[in-house]
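Notes follow the structure.
Rule-based calculations on the coordinates, nothing more; no lab input. Nothing here was measured: the structure is a model prediction, and the numbers come from that model. Every residue, glycine as well, gets a Cβ built from its backbone with ideal geometry; the counts of neighbours run over all protein chains shown.
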Amino acid sequence: MATGIPSFKVILHGEYGVGKSSIFRRFMNDTFTQATGKQSTIGLDQCTRTIDLGSQNVKLTLWDTGGMERMSFIGSSYYRGAHAALLCYSVNNKDTFSILSQYILDIVMNAEGAKIFLCGNMTDQLGPEGSEGNAVTDTDLDQFMSQCQDVLSGVYRVSCKDSSGLEEMFRDMARVLHQDTMSRMTMRRDMIRPGDTPEREQTTEKKRCC
Ligand SMILES: Nc1nc2c(ncn2[C@@H]2O[C@H](COP(=O)(O)OP(=O)(O)OP(=O)(O)O)[C@@H](O)[C@H]2O)c(=O)[nH]1
Ligand SMILES: [Mg+2]
């Protein structure tokens with residue numbers, strides 16, 4: 001790594017129209033487009049930003065693509081080397097939530113070892129309590145979280161329209177990914193104790209023989 005700044009690839013995942021590209025645009029240049037009509041993402045976009053965590057800078061590269069591309073040949077490069085997946089659903093559309101376990105399976109199969117963060121988008125569209133309709137309720141979310149306790153590394157609710165929760169989410173993801181790398185490095189260092197290398201043991205054995 002030329003700059004020495006820890007760098008992480010994060011892929012956006014989830015149903016059509018849940019706001020993946022809107023999250024991407026907020027990340028890239030803090031803009032929002034209220035598109036009319038269906039405009040699915042075609043091709044592949046990526047954007048890198050440096051996040052200041054106070055004591056440490058961390059680079060996040062967000063990758064965005066549409067469902068059709070994920071299924072095409074682009075798919076493998078999309079998943080390759082991903083450190084994390086931001087799994088998105090729309091908080092006012094239960095269908096995009098009920099299908100999440102399939103997406104989790106897809107991530108586990110294609111991006112081995114990637115951490116999974118859950119993001120409910122469009123909180124600006126939630127009505128007052130008691131008027132849930134097709135919205136994802138707190139009970140739905142609690143149930144899902146208890147089913148996949150160890151699978152999720154973070155759970156967020158955001159709105160790309162009014163931009164609430166987004167910067168906090170990007171920072172938290174950067175923090176979790178960085179901390180995970182640090183603790184893995186510490187674990188690895190602790191496992192290699194002085195005098196434990198096979199070569200040394202061999203040398204000692206030989207000396208004893210002579
Ligand atoms: N009200 C509201 N609308 C949103 C929000 N986020 C996205 N949208 C709208 O939802 C629609 C779909 O958003 P996209 O970002 O294109 O969704 P996508 O997941 O990238 O869709 P695909 O590329 O088809 O997979 C657009 O019309 C957006 O303007 C939000 O937080 N609030
Ligand atoms: Mg899109």
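Dividing the radius of gyration of the alpha carbons in the stretch 34-191 by their Kirkwood radius gives 0.97 for Rg/Rh. Under 18 Å from a point 7 Å along the Cα-to-Cβ line of residue 134: which residues of the stretch 100-116 have their amide N that close? Inside the label zone: 100.
For the pair residue 47 and residue 151, the difference between a 0.36 nm per residue extended length and the Cα-Cα distance amounts to 34.9 nm. The fraction of all Cα pairs in the stretch 1-65 landing in successive 5 Å bins from 0 to the largest distance is 4, 15, 24, 23, 14, 9, 6, 3, 1, given as whole percents. Against the compact-protein benchmark of 2.2 N^0.38 Å, the Cα-based radius of gyration of the stretch 91-175 scales to 1.13. The GluC sites (Glu not before Pro) of the stretch 114-193 meeting both criteria, a DSSP state outside H, G, I, E and B (loop) and at most 11 other C-beta atoms within 10 angstrom of the site's C-beta, are 129. Across the stretch 138-189, Cα-Cα distances exceeding 12 Å account for 73% of all pairs. Among the chymotrypsin sites (Phe, Trp or Tyr not before Pro) within the stretch 11-48, those in coil by DSSP and having at most 16 neighbouring Cβ atoms inside 10 Å are 16, 32. A simple spin-label model places the labels of residue 142 and residue 179 2.4 nm from each other, with each point 7 Å out along Cα-to-Cβ.
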